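The values are calculated or read from the model by the stated rules, or taken from the named source; none is laboratory data. Keep in mind that this is a model prediction, so the values were computed, not measured. Here the Cβ positions follow ideal geometry from the backbone for every residue, glycine too, while neighbour counts run over all protein chains shown.
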């Protein structure tokens, strides 16, 4: 089953994001087979990351939540909010 993960950073936490990024990327690499797409959400100017958007595939919501909870960004306390929802691809 596919899930969307929409994560918003706490304000003024860019330095924590950058410090945690290598561990975050290693986490994503370990789960690469489960990831359809992943990348940062950007500020209005399109320059600085302010969150993350991922579309992932796991057997169930519990698997998607475990993946999200184990993310080094989440463990570092970067996120202000994380929303996980079932997702269905329609196009293309």
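With the structure loaded, tell me whether residue 41 is surrounded by fewer than 15 Cβ atoms within 10 Å (Cβ to Cβ) and more than 9 Å from the chain's Cα centre (by Cα) or whether it fails that test.
Judged against the criteria, residue 41 is a match.
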Worksheet, complete the sentence: Residues of the range 69-83 being surrounded by 13 or more Cβ atoms within 10 Å (Cβ to Cβ) and more than 17 Å from residue 49 (Cβ to Cβ), in sequence order, are 75
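Every residue, every condition in (1) out of contact with any strand residue (DSSP E or B) (no Cβ under 8 Å at 6 or more places or on another chain); (2) surrounded by 14 or more Cβ atoms within 10 Å (Cβ to Cβ), yes or no:
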site: 9; (1), (2): no, yes
site: 12; (1), (2): yes, no
site: 28; (1), (2): no, yes
site: 33; (1), (2): yes, no
site: 58; (1), (2): no, yes
site: 85; (1), (2): no, no
site: 88; (1), (2): no, no
Worksheet item: On the given criteria, is residue 91 modelled with pLDDT under 95 and over 12 Å from the mean Cα position of the chain (by Cα)?
Response: yes
